[in-house]
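*Asks:* Here it is: the structure, laid out below.
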Amino acid sequence: MATQHVLTGARVVLPSHTVENGRLVVEGSVIAGPVTPADPPEPGAGPPDRTAPPTGPGARDLTGHWVVPGFVDLHIHGGGGASFSSGTAEEALAVAAAHRRHGTTTLAASTVTGELDELCRQAAVLSELVEQGELAGIHFEGPFIAPGRCGAHDPALLRDPEPGDVRKLLDAARSTARMMTLAPELPGGLDAVRLLADQGVIAAVGHTDADHGRTAEAVAAGATVATHLFNAMPGLHHRDPGPVAALLEDERVTVELVNDGVHLHPAVVDLAFRRAGADRVAFITDAMAAAGKGDGRYPLGGLEVEVRDGVARLAEGGAIAGSTLTLDTALRRAVTVGGLPVEEAVRALTLTPARLLGLADRVGSLESGKRADLVVLDEEFTVAGVMRAGRWVIEPPTG
């Protein structure tokens with residue numbers, strides 16, 4: 001008989017609204033039935049009696065907490081001291097485990113620019129973990145990016161997106177590639193966007209020097225994501241709006257935002273959110289190995305990163321090198337610093353990225369029949385419990 005969990009008393013966040021004093025039932029690995037108010041009062045009765053907690057081995061009273069869907073991260077390189085670019089299954093699983101403790105129950109593995117053969121080797125390892133259900137896909141970030149906007153990618157390894165090279169990476173991923181970031185102004189850039197779109201792989205505009213016109217052409221050719229909008233691309237200018245305006249203004253584009261207080265000022269996050277809305281914003285971490293680990297020196301691809309006070313920068317040159325962010329912090333900042341409604345902030349790191357990954361029928365919201373991935377948060381939006389596929393990764397308190 002499947003294990004049953006009955007969670008009551010919390011504010012349960014659904015895509016369109018929050019159920020106060022909600023009741024959520026998990027059967028085995030899936031959500032069973034719709035979320036409903038627990039103990040609805042009889043007509044004319046007072047408020048429900050909250051003094052008697054639910055009973056049974058799987059029952060849990062979560063009064064004073066929030067329950068939200070498990071987080072979905074489109075763009076992540078590492079965490080817990082480990083990195084996807086190591087090319088080992090052990091480190092990849094360590095990254096996933098580190099971020100699950102912070103509520104991310106679905107994540108795509110992002111690579112870093114490297115030699116094509118090395119990237120293919122990494123993809124072969126990662127694709128097996130996708131097929132096993134540990135990862136949600138592979139995101140190739142580089143090597144098809146602009147030298148002047150390479151950030152923490154090794155400029156010596158960058159190249160133009162020739163069709164044969166693009167196909168080589170996709171073939172190595174064995175149908176598990178979900179996204180590829182490229183600069184559309186490079187020779188062959190627009191053709192590469194069309195190739196990715198034809199293959200059902202997200203073409204993401206990022207690490208680019210493209211102007212407004214070329215960016216719009218890329219979107220017309222099939223690009224649907226802005227890789228960490230504002231970062232590693234020209235900023236907004238009143239006479240030269242650049243890629244930011246083109247990506248924000250087109251309803252077909254979802255924009256990634258790194259909401260860690262380092263990559264973006266809160267006013268810029270607010271600007272993007274007001275223009276694009278929760279259905280077109282995906283909060284990401286762009287996290288590297290130091291996420292959830294602490295300050296120190298870490299490898300990122302073939303480069304060395306120094307983390308001080310939680311900020312990751314290249315040891316040589318000082319460029320921002322990913323983040324140490326986890327998605328629970330991104331959510332907490334969105335609500336407590338940015339003032340976003342909880343439902344909208346949650347949607348930007350659950351249902352919106354799940355839709356992009358083609359997984360919205362399975363994860364991203366607390367609906368009947370979906371995988372039982374959920375996060376329990378206290379009143380300060382700090383993680384108090386995490387469930388993945390009906391099993392507690394972190395057990396929450398009762399009452």
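*Asks:* Report, by residue number, each residue of segment 98-124 that is within 17 Å of Leu325 (Cβ to Cβ) and in a helix (DSSP H, G or I). Before you say what the answer is, go through the steps one by one.
*Replies:* Step one: filter segment 98-124 for residues within 17 Å of Leu325 (Cβ to Cβ), giving 98-110, 112.
Scanning segment 98-124 gives Ala98, His99, Arg100.
*Asks:* Which residues, taken from segment 247-283, are closer than 30 Å to Arg308 by Cβ and in a loop (DSSP other than H, G, I, E, B)?
*Replies:* Step one: filter segment 247-283 for residues closer than 30 Å to Arg308 by Cβ, giving 255-273, 281-283.
Asn259, Asp260, Gly261, Val262, His263, Leu264, His265, listed by residue number.
*Asks:* Let me ask another. So, in segment 367-399, of the ones that are β-branched (Val, Ile, Thr) and in a strand (DSSP E or B), which residue ends up nearest to the chain's Cα centre (by Cα)?
*Replies:* For segment 367-399, the residue satisfying everything is Val375.
*Asks:* Can you find a residue in segment 47-67 that is at pLDDT 95 or above, part of a helix (DSSP H, G or I) and hydrophobic (A, V, I, L, M, F, W, C)?
*Replies:* Within segment 47-67 (the criterion being at pLDDT 95 or above, part of a helix (DSSP H, G or I) and hydrophobic (A, V, I, L, M, F, W, C)), the answer is no, since none of the residues qualifies.
*Asks:* Separate question: Of (1) in a loop (DSSP other than H, G, I, E, B); (2) charged (D, E, K, R); (3) over 23 Å from His139 (Cα atoms), Arg297 satisfies all except one. Which?
*Replies:* Evaluating Arg297 over (1) in a loop (DSSP other than H, G, I, E, B); (2) charged (D, E, K, R); (3) over 23 Å from His139 (Cα atoms) leaves (1) as the failure.
Conditions tested, residue by residue: (1) crowded, with 19+ Cβ neighbours inside 10 Å; (2) modelled with pLDDT of 95 or more.
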residue: Ile202; (1), (2): yes, yes
residue: Gly206; (1), (2): yes, yes
residue: Val225; (1), (2): yes, yes
residue: Asn259; (1), (2): yes, yes
residue: Gly277; (1), (2): no, no
residue: Arg280; (1), (2): yes, yes
residue: Ala289; (1), (2): yes, no
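*Asks:* Given (1) under 22 Å from the mean Cα position of the chain (by Cα); (2) surrounded by fewer than 17 Cβ atoms within 10 Å (Cβ to Cβ), where does Asp171 come up short, assuming only one miss?
*Replies:* Status for Asp171: all satisfied but (1).
The values are calculated or read from the model by the stated rules, or taken from the named source; none is laboratory data. Keep in mind it's a predicted model, so treat the numbers as computed, not measured. Note that we place each Cβ from the backbone using ideal geometry, even for glycine, and neighbour counts take in every protein chain shown.
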